[in-house]
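See structure below.
The values are calculated or read from the model by the stated rules, or taken from the named source; none is laboratory data. These numbers were taken from a predicted model, which means no experiment stands behind them. FYI the Cβ positions are ideal-geometry reconstructions off the backbone, even for glycines, and counts take in every protein chain you see.
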């Protein structure tokens, strides 16, 4: 099996993106994996701090390891990876590395730039010394803190052009922290709106950040698009062509999960057996995953 960074670099070279999908339970994991396996595509499973607390750090690692091994081919284990999404402490990074995660998002995006650089640099240096294959991702620009359904854009989210991640700041951040990947604020937000698509992405800003990182480091630095739920398909395509190599989706999956639960209970109001109700949940999530993976990979 290729390492995660090798898989990301492959996607970057092909101008496609890897899907990153969060889970809170086994049903979601089965839906994500089966869609990816059907299409023969690599996939990243994300677990936030809250999701890790619920599932269990060791249990999440064991589940991913079991899928890799069970579905291995002559080319090696299946390329399904585990990411410690939105980790807000150095201790959280240590736990992810020591447990056997493939990567982590070190998220101090709500902090001032100087503090974000200092904290992220500390985490990145420790991970390189402890496990050089571990992928560390930095984040710049606050885009919200949860996968929720919104009526309006929260006041503290970086959505105005002047508040988006600046190319020169991104170049400085990557040069000083030496992170493997960067998640910038480019008009994306966490969560979805009830009756409208999310705001348009600033495609020019994505291109400018990508170019600035190339100039500063002398090599391509993968960009990650957080808050993918609710974004228009056309914006996804442009963002990926402009330099986004991973796309995060979570809120859409939670909406699909609830829809599946409600439909299953409506169709079988007297049913109490979980494994007879949950296939509908899996079906709803899997439809979203397959559509997103096809879009991101251009198939």
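Scanning segment 240-297 for residues being part of a helix (DSSP H, G or I), out of contact with any strand residue (DSSP E or B) (no Cβ under 6 Å at 6 or more places or on another chain) and closer than 14 Å to residue 16 by Cα gives a total of 5. Here 284, 263 are screened, and the one residue that is touching a helix residue (DSSP H, G or I) at 6+ places or on another chain (Cβ under 7 Å), surrounded by fewer than 19 Cβ atoms within 10 Å (Cβ to Cβ) and at pLDDT 95 or above is 263. Filtering segment 205-246 to residues that are more than 18 Å from residue 44 (Cβ to Cβ) and surrounded by 24 or more Cβ atoms within 10 Å (Cβ to Cβ) leaves 206, 209, 213.
Could you tell me which of the residues 2, 74, 94, 65 is surrounded by 14 or more Cβ atoms within 10 Å (Cβ to Cβ), more than 17 Å from residue 257 (Cβ to Cβ), out of contact with any strand residue (DSSP E or B) (no Cβ under 6 Å at 6 or more places or on another chain) and modelled with pLDDT under 95? Just one listed residue meets the conditions, 2.
Taken together, 123, 84, 60 contain a single residue that is farther than 21 Å from residue 33 by Cα, surrounded by 16 or more Cβ atoms within 10 Å (Cβ to Cβ) and in contact with a strand residue (DSSP E or B) (Cβ under 6 Å, 6 or more places away or on another chain), which is 123.
Of all residues in segment 34-51, those satisfying the criterion of being part of a helix (DSSP H, G or I), surrounded by fewer than 23 Cβ atoms within 10 Å (Cβ to Cβ) and in contact (Cβ under 8 Å) with a residue 12 or more places away in the chain are 34, 37, 38, 39, 49, 51. Tally up the residues in segment 226-238 that are in contact with a strand residue (DSSP E or B) (Cβ under 6 Å, 6 or more places away or on another chain) and modelled with pLDDT of 95 or more, please. So the count comes out to 1.
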